[in-house]
Structure formats: C-alpha cells, structure tokens
Amino acid sequence: MFKKTLRGIALGGLLTLPASMALAAEQGHGAHWGYEGEFGPDHWGEMATEFDTCKNGKSQSPIDISAVTVKGIPEIAVSYQESPLDIVDNGHTIQVNYSKGSSITVGDKQYELLQFHFHNPSEHTIGGKRYPMVVHLVHKSEDGKLGVIGVMMKEGAANPLIDKLWTMLPTGKGLEKSVDTMKISAAALLPADRTYFNYSGSLTTPPCSEGVNWMVMEDPIEVSAAQIEKYKSRYAGNSRPVQPLNQRQIQMGN
C-alpha cells in the first residue's frame, strides 16, 4: 500500500460521450458479452466492430496501480446531494442512477454524478492486491467527458447504504425499481481520506472506449461478508482482468 506522504496527479485525457452512453457506461452495446468462455474479456474485441478497442486499444482499464509519479495535483471536491432511489439490474451489474445536482470538481473541471455500479472482485489492483468488491461512480462533464471514481470495498463492518440498496434489488435482470420517497447519498461510498490515484484509461466493459479520467481511491471502504455474498449471488466474477500500462503515468494526490 502506498504511503499518504506520496502526493501527485495530472489529469489525463478525457472521453467525450453522449449522455445516453455515459448513463449506460460499463453496460456495453450491441453484441452479447459476458465474463466467461466465448463471451468473456479475451473475446470482446472479436464480437463486433464497435468493440475493436477492447482488443487494440493502448490505454485500456483496469490496470495494476504500482508505479506512481509524484506531483502536486488538485483534490477532488465532492458535492453530493441526496437522490431518490433508482436501482437497476442491467444484466451485467447492479446500477444506481442518480438525480441531477450532484458533482465533483477537480481543478477547474466539474463532473456531474450520473450513476454508480459494482464489480466483484475489484477490477483495478493496488500493488497487485485485489479487493472483494469495488464501486465505480460515473461522472460526466458539461462537455461530455467522463470521470470515474473507483472505491475499493474490503470485508469488515456492514455499510448502511449497501444494506438499503440490497433490500431494494429488482427481482431479475433487466428490471428497475424506483422509490421516490427513499433518499440515498453516494457520499456514503467514499472513504474519509480521499487520497487517490489518477491516470487516463477506458471503460472496463465493451466498447472499452478510451479517454476516461480514472480516479481510484487509495483507501477502501468496508462492507460486510454478508453484503459481499449478496452481490455475488447476482454477479460473481463480473470483472475484467488488468490490462497493460503501456507507458502511461499513474499519479497520486488528495
């Protein structure tokens, strides 16, 4: 694990996407894909022409975070408001869509929170370590560029927000449940210490589009063993393997 004395980051290239694609980030498009066998990550780039970047891209995600360039960088200023619950089983993960009005600001760039979703196990690794789960909080800037915060989830105390979400899961794939009277806050998914790693990468699912500004938190949050198992009962192993770094720089800041 990296020491908190390390500081540094420079914002990488960002992805320009229409809102509809950003809302469906990490769902994928077109051809049927999955995480095992002939539909798994090794074959994504062969399934459709729009998935070609999954095979030929040079700035793919996830990666192993190990060699860090230390530079001064802006912190992530978080302004998350409560949102009515809108939870979807999209066939690849559990996704929670977020109402307008919540954002992060990094330097002079503001990104609106669109949705968050989960993977088991974590997709990025830190110093080779993989966590039982990860949550990806997907944001989009006014000019259509994506910034994704990744928060590792380790086994420990139960997370109250996860408890609330898991009790409201849709009954099957492709189904959605909205409860306007139930409010949630994505702030409950962020660690107290917001030291983070930054690099330019991609969506971790088809079409694997590049230019995503990744911000991976160094510190994990805790979820209980029961909460992990509940997710795995739906989506065990929905994680892409780590991809080559290919000379990209990983930077760090708070």
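The values are calculated or read from the model by the stated rules, or taken from the named source; none is laboratory data. All figures in this text were calculated on a predicted structure; none of them were measured in a lab. Ideal geometry is used to build each Cβ from the backbone, glycine not excepted, and the neighbour counts take in all protein chains shown.
Where residues in region 69-92 are surrounded by fewer than 19 Cβ atoms within 10 Å (Cβ to Cβ) and within 15 Å of Ile250 (Cβ to Cβ), which of them is modelled with the highest pLDDT?
The qualifying residue modelled with the highest pLDDT is Thr69.
State yes or no: is Ala187 among the small types (Gly, Ala, Ser) and within 15 Å of the chain's Cα centre (by Cα)?
On the way: among the small types (Gly, Ala, Ser): yes; within 15 Å of the chain's Cα centre (by Cα): yes.
For Ala187, the condition - among the small types (Gly, Ala, Ser) and within 15 Å of the chain's Cα centre (by Cα) - is met.
Quick check on this structure: which one of Gln60, Gln27, Gln95 is at pLDDT below 85 and surrounded by 15 or more Cβ atoms within 10 Å (Cβ to Cβ)?
Values: Gln60 fails: at pLDDT below 85; Gln95 fails: at pLDDT below 85.
Result of the check over Gln60, Gln27, Gln95: Gln27.
Quick check: anything in region 167-181 within 20 Å of Gln115 (Cα to Cα), within 18 Å of the chain's Cα centre (by Cα) and of a type outside the set (Ser, Thr, Tyr)?
No, every residue in region 167-181 fails to be within 20 Å of Gln115 (Cα to Cα), within 18 Å of the chain's Cα centre (by Cα) and of a type outside the set (Ser, Thr, Tyr).
State the number of residues belonging to region 139-173 that are free of Cβ contacts under 8 Å to residues at least 60 places away in the same chain, within 21 Å of Ile87 (Cβ to Cβ) and in a loop (DSSP other than H, G, I, E, B).
Going through region 139-173 one residue at a time, the tally reaches 1.
Go through region 32-57 residue by residue and tally those that are without any contact (Cβ under 8 Å) to a residue 24 or more places away in the chain and exposed (fewer than 14 other Cβ atoms within 10 Å of the Cβ).
7
Residues in region 187-227 that are part of a helix (DSSP H, G or I) and surrounded by fewer than 20 Cβ atoms within 10 Å (Cβ to Cβ): how many?
Selection size over region 187-227: 4.
Here are some residues: Thr105, Thr125. Which one is in contact with a Pro (Cβ under 8 Å, 6 or more places away or on another chain), at pLDDT 95 or above, of a type in the set (S, T, N, Q) and over 26 Å from Thr171 (Cα atoms)? Can you show your working first?
Details: Thr105 fails: in contact with a Pro (Cβ under 8 Å, 6 or more places away or on another chain).
After ruling out the rest, the residue left standing is Thr125.
More than 20 Å from Asp193 (Cα to Cα) and either among the aliphatic types (A, V, I, L, M) or free of Cβ contacts under 8 Å to residues at least 40 places away in the same chain (or both): which single residue out of Asp89, Asp108 fits that description? Explain how you work it out, then say what you get.
Values: Asp89 fails: either among the aliphatic types (A, V, I, L, M) or free of Cβ contacts under 8 Å to residues at least 40 places away in the same chain (or both).
Step by step, each of Asp89, Asp108 is checked, and only Asp108 is more than 20 Å from Asp193 (Cα to Cα) and either among the aliphatic types (A, V, I, L, M) or free of Cβ contacts under 8 Å to residues at least 40 places away in the same chain (or both).
Among the residues of region 75-126 satisfying the criterion of being among the β-branched types (Val, Ile, Thr) and either outside any strand (DSSP E or B) or under 14 Å from the mean Cα position of the chain (by Cα) (or both), which is nearest to Ala236 (Cα to Cα)? Reasoning before the result, please.
Of the residues in region 75-126, the ones among the β-branched types (Val, Ile, Thr) are 76, 78, 87-88, 93-94, 96, 104-106, 125-126.
Those still in the list that are either outside any strand (DSSP E or B) or under 14 Å from the mean Cα position of the chain (by Cα) (or both) too: 93-94, 96, 125.
On the way: Thr93: 10, Ile94: 12, Val96: 18, Thr125: 17 Å.
The qualifying residue nearest to Ala236 (Cα to Cα) is Thr93.
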